[in-house]
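Worksheet: one structure, shown below.
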Amino acid sequence: MKTIASFTVNHDRLEKGMYISRVDGDVVTYDIRMKKPNGGDYLGNGELHTIEHLFATYARNSEVSDNVVYVGPMGCRTGFYLLVRDSVSHERALRLVRDSLTFISDFEGEIPGSKRAECGNYAEHDLDAAKQTARDMLSVLKNWKENDLKYKE
């Protein structure tokens with residue numbers, strides 16, 4: 001079997017940030033790395049779950065919602081993947097991520113999709129941790145530009 005693209009990235013050199021992971025036809029996959037890989041500090045399950053609900057809700061209600069293919073967590077609990085159609089520029093995708101993180105960091109109230117009938121693990125959320133991680137990532141991405149979206153060698 002061929003090694004998938006995400007396993008060819010040297011995770012020991014990977015820092016927090018946002019990167020273009022791959023392009024498949026008209027779909028661009030972004031790696032939103034919220035924790036340093038293999039650093040011992042990972043997203044908690046409740047935190048990850050809450051970020052997923054809020055990030056996906058925001059992205060799917062944004063002005064580019066028709067071009068959002070997927071928002072979801074990495075199994076290693078170090079970040080998220082955002083998949084969008086290539087009609088969304090890299091700068092616009094970066095702005096979408098920043099706007100989503102701002103939405104998460106300022107969020108108050110009931111987490112969308114967190115009722116028992118709406119979610120398979122409705123009780124496991126951690127809004128405070130999600131907000132803290134969103135604030136941290138906003139500081140990481142504050143000055144991020146399109147040129148920063150490339151993995152460092």
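The values are calculated or read from the model by the stated rules, or taken from the named source; none is laboratory data. What you are looking at is a predicted structure, and each value in this text was computed from that prediction instead of being measured. Here Cβ is always computed from backbone atoms with ideal geometry, including for glycine, and neighbour counts include all displayed protein chains.
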Checklist outcome for this item: Of those in region 119-134 that are surrounded by 15 or more Cβ atoms within 10 Å (Cβ to Cβ) and charged (D, E, K, R), the residue farthest from the chain's Cα centre (by Cα) is GLU124
Checklist entry - Among VAL88, VAL97, which is the only one that is touching a residue at least 60 places away in the same chain (Cβ under 8 Å), buried (at least 17 other Cβ atoms within 10 Å of the Cβ) and farther than 29 Å from ASP12 by Cα? => result VAL88
Next on the checklist: Exactly one of these conditions fails for ILE4: (1) among the aliphatic types (A, V, I, L, M); (2) free of Cβ contacts under 8 Å to residues at least 12 places away in the same chain; (3) farther than 23 Å from ASP86 by Cα. Give me its number.
Outcome noted: (3)
Checklist outcome for this item: Within region 51-84, residues closer than 21 Å to GLU108 by Cα, in contact (Cβ under 8 Å) with a residue 40 or more places away in the chain and not in a helix (DSSP H, G or I) come out as none
Next on the checklist: Please verify whether ILE20 is without any contact (Cβ under 8 Å) to a residue 24 or more places away in the chain and either at positive phi or among the β-branched types (Val, Ile, Thr) (or both), treating the condition exactly as stated.
Outcome noted: no
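For residues in region 1-41 being of a type outside the set (D, E, K, R) and touching a Gly at 6+ places or on another chain (Cβ under 6 Å), which is nearest to HIS90 (Cα to Cα)? Before the answer, list the steps.
Quick first cut of region 1-41, residues of a type outside the set (D, E, K, R) only: 1, 3-11, 14, 17-21, 23, 25, 27-30, 32, 34, 37-40.
Checking which are touching a Gly at 6+ places or on another chain (Cβ under 6 Å) leaves us with 32, 34.
Values: ILE32: 13, MET34: 18 Å.
Here the answer is ILE32.
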Checklist entry - Scanning for something farther than 21 Å from ARG135 by Cβ and of a type in the set (Ser, Thr, Tyr), does region 90-111 turn up at least one residue? => result no
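Going through region 17-34 one residue at a time, which ones are within 11 Å of the chain's Cα centre (by Cα) and not acidic (Asp, Glu)?
Within region 17-34, the first condition is being within 11 Å of the chain's Cα centre (by Cα), and the residues that meet it are 17-19, 29-34.
Answer for region 17-34, where residues must be within 11 Å of the chain's Cα centre (by Cα) and not acidic (Asp, Glu): GLY17, MET18, TYR19, THR29, TYR30, ILE32, ARG33, MET34.
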Next on the checklist: Could you check region 105-118 and list, in sequence order, the residues that are outside any loop (DSSP other than H, G, I, E, B) and surrounded by 15 or more Cβ atoms within 10 Å (Cβ to Cβ)?
Outcome noted: SER105
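Hey, any hits in region 111-125 for a residue that's at positive phi, at pLDDT 95 or above and not acidic (Asp, Glu)?
At the first step, the residues of region 111-125 found to be at positive phi are 113.
Within this subset, residues satisfying the condition of being at pLDDT 95 or above are 113.
In the following step, the residues that additionally are not acidic (Asp, Glu) were identified as 113.
Taking every residue of region 111-125 in turn, at least one turns out to be at positive phi, at pLDDT 95 or above and not acidic (Asp, Glu).
Of everything in region 1-58 that's aliphatic (A, V, I, L, M) and surrounded by fewer than 18 Cβ atoms within 10 Å (Cβ to Cβ), which residue is farthest from VAL140 (Cα to Cα)? Steps first, answer last, please.
If we filter region 1-58 for residues that are aliphatic (A, V, I, L, M), which is where we start, we get 1, 4-5, 9, 14, 18, 20, 23, 27-28, 32, 34, 43, 48, 51, 54, 56.
Checking which are surrounded by fewer than 18 Cβ atoms within 10 Å (Cβ to Cβ) leaves us with 1, 4-5, 9, 20, 23, 27.
On the way: MET1: 36, ILE4: 27, ALA5: 24, VAL9: 20, ILE20: 16, VAL23: 24, VAL27: 25 Å.
Of everything passing the filter in region 1-58, MET1 is farthest from VAL140 (Cα to Cα).
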